[in-house]
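The values are calculated or read from the model by the stated rules, or taken from the named source; none is laboratory data. All of these numbers come straight from a predicted model, not from anything done at the bench. A quick note on method: Cβ atoms are made from the backbone with ideal geometry, for glycine too, and the neighbour counts reach across all protein chains shown.
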Amino acid sequence: MSRLFGRDFITQKYLRQYPNSKRAQSWAGVMVQIQTENGVWRHGGSGYTWPGHPDAWIVPFEFAVEKIDHCGPEKCGRFLRATPPADPLRSRIMKALFDPGATEGFKGNRDLVAWQADAVMRIINSPEAQI
């Protein structure tokens, strides 16, 4: 039997069994990542990744609970405590490295390193990156 809670997570199953517990209430306002049986949700709930990955969706606990309220116990819903990136530019650069196609588009005849470098340069040269 898997655990219903831990220092850095709480399960949907626990929240359904003990919705008014002090433990459940202590998660109010905490930023979390949503994890179901296929992995941690990507931004907007489109696809899966792993905990801590730059593409992992970080949302307030209450929003996350609502997002997976329709899921049954077979989905093994969990909420993982998360810390939003302190440096948004660094986060955008990491996303470009992990998924250069999201910012740079089709790889074409470039090797992986060149494709990643082009994606990072697009981020660095964007108006949002200028100080």
Per-region count, the stretch 28-65, residues without any contact (Cβ under 8 Å) to a residue 40 or more places away in the chain, closer than 19 Å to Ala102 by Cα and of a type outside the set (Val, Ile, Thr): 12
Which condition breaks for Leu97 when tested against (1) outside the structural domain of Pro19 (by TED's automatic domain parsing); (2) outside any helix (DSSP H, G or I)? (2)
In the stretch 24-35, what count of residues is obtained for those that are aliphatic (A, V, I, L, M), surrounded by 13 or more Cβ atoms within 10 Å (Cβ to Cβ) and either at pLDDT below 90 or in a loop (DSSP other than H, G, I, E, B) (or both)? 1
For the stretch 75-120, what are the residues that are on the phi > 0 side of the Ramachandran plot and modelled with pLDDT of 80 or more? Cys76, Gly108
Among the residues of the stretch 36-70, the number that are among the polar types (S, T, N, Q), part of a strand (DSSP E or B) and more than 17 Å from Pro84 (Cβ to Cβ) is 1
